[in-house]
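To start, the structure under review is shown below, and the notes come after it.
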Amino acid sequence: MQNKILAILKTLFIVLSIGVLLISNSALFMLAFAVIYILLIVRTIMTPGRRNMRRYLVSAYTCILILQVYMIETVLQSGTELGVPEFIFRRVLGLVIMCLPILVGKFVASVKYTHYYLSPTDETVGIGISELLNNAALEIKHKAEIIGESKKKLCFKNVSAFAMDLTRHNPFRYVNQSSLPDEYFTNARNSFSDPNIYIIISKTGSPPSEILSVFTQKQYNHASLSFDKKLQTTISYNGGEKVFSPGLNMELLEFFRKSPDAKLMVYSLPCTAEQKEKMLMRIEKINREGSAYNILGFSVRNRKKKPNILYCTQFVYSMLDDAGLTYFSDNGKIKPTDLVELDYYRKLKFELEITFG
């Protein structure tokens, strides 16, 4: 019976996906979201397992459905006259939102059931049964901790806050321009005597950061640059704190304090005044031309037509690249932690950790 439901779900998903991409109206969105919700609920109820896990999944699917209904009017169908890129973006976004409950179900299933699979026989030779049982227990405990943390981060509050913030973004045109004051550039040039540029990776605790950490399994999900060690010239691509538009913006220390366990890791990289000037000139150019936050992440980056649409780590890496300071190759899927973890030649020097607890 469960296999039949799965087959029906796959067939309906293909049909609804085609419909969403070709037609894309509010009635079809509502039908797609409701049908997938019902089938996932039925499958969850019929799947053997712990009752608490089933309750969690049903609650998660319900919260996602509420979010989907909210986004039909606020994001997917907002605006009457849309350009071709925005129109295509809304259709693709609708498909992504339709996939969200399925992805959540797959994530929970993979975390919950992975520990039942043992290694091939030739890999377990010489391992005692007590050691196997001990490893299995540790694995189960680790997976349970991941589920618990993911449950907290994928709460309705975080997901709804993230969804509401999506309305401020546009991954196809510049929405932020001249957000940096002249004082910023003055302070940055005054720091040219400092022989380092500073790379910052941070755990802010913001809703986007918390949701992203579920999929990256990393604590630090934001990257920034500073021309001085006191971090008075910190800059990156961000959401603008609902004061400025998403894109290139300054970052004060208060920007990073979104939760009691927020923290920053600051690293220095040797840098000449000439290299700093190159980076600052690029920042001036972006500030003048305009920018937007690449909300689609590494899946979309139009370097030719809209080179100033980036996310935080893309920005940091491109600044280092312009100045000839890169120490690893960008594979197009760069994450904030890559800036530290891929430093194989030990170019970076750890400077300090800042906590807000």
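Assorted remarks:
- Residue in the range 256-290 that is farthest from PRO307 (Cα to Cα), counting only those that are out of contact with any helix residue (DSSP H, G or I) (no Cβ under 9 Å at 6 or more places or on another chain) and β-branched (Val, Ile, Thr): VAL266
- Hey, LEU16 more than 27 Å from the chain's Cα centre (by Cα), of a type outside the set (Val, Ile, Thr), modelled with pLDDT under 80 and under 12 Å from ILE102 (Cβ atoms) or not: no
- The residues listed here are SER329, SER268; of these, the one that is among the polar types (S, T, N, Q) and under 17 Å from TYR198 (Cα atoms) is SER268.
- Flag for ILE295 being of a type in the set (A, V, I, L, M, F, W, C), assigned to a loop (DSSP other than H, G, I, E, B) and touching a residue at least 24 places away in the same chain (Cβ under 8 Å): yes
- Helices (runs of 4 or more DSSP H) enclosed by the range 154-255 - at least 1 residues per element that are assigned by TED's automatic domain parsing to the domain that holds ASP338 and under 20 Å from TYR317 (Cβ atoms): 182-190, 207-216
- When LYS304 is tested against (1) surrounded by fewer than 19 Cβ atoms within 10 Å (Cβ to Cβ); (2) in a strand (DSSP E or B); (3) at pLDDT below 95, only condition (2) is not met.
- Put simply, of SER193, SER209, SER150, SER236 the only residue that is of a type in the set (Gly, Ala, Ser), modelled with pLDDT of 95 or more and crowded, with 20+ Cβ neighbours inside 10 Å is SER236.
- Test for GLY332: is it assigned to a loop (DSSP other than H, G, I, E, B) and closer than 27 Å to HIS169 by Cβ: yes
- VAL58 hydrophobic (A, V, I, L, M, F, W, C), at pLDDT 80 or above and over 26 Å from the mean Cα position of the chain (by Cα): no
The values are calculated or read from the model by the stated rules, or taken from the named source; none is laboratory data. Only a predicted model underlies this, so the values are computations on that prediction, with no experimental measurement involved. Ideal geometry is used to build each Cβ from the backbone, glycine not excepted, and the neighbour counts take in all protein chains shown.
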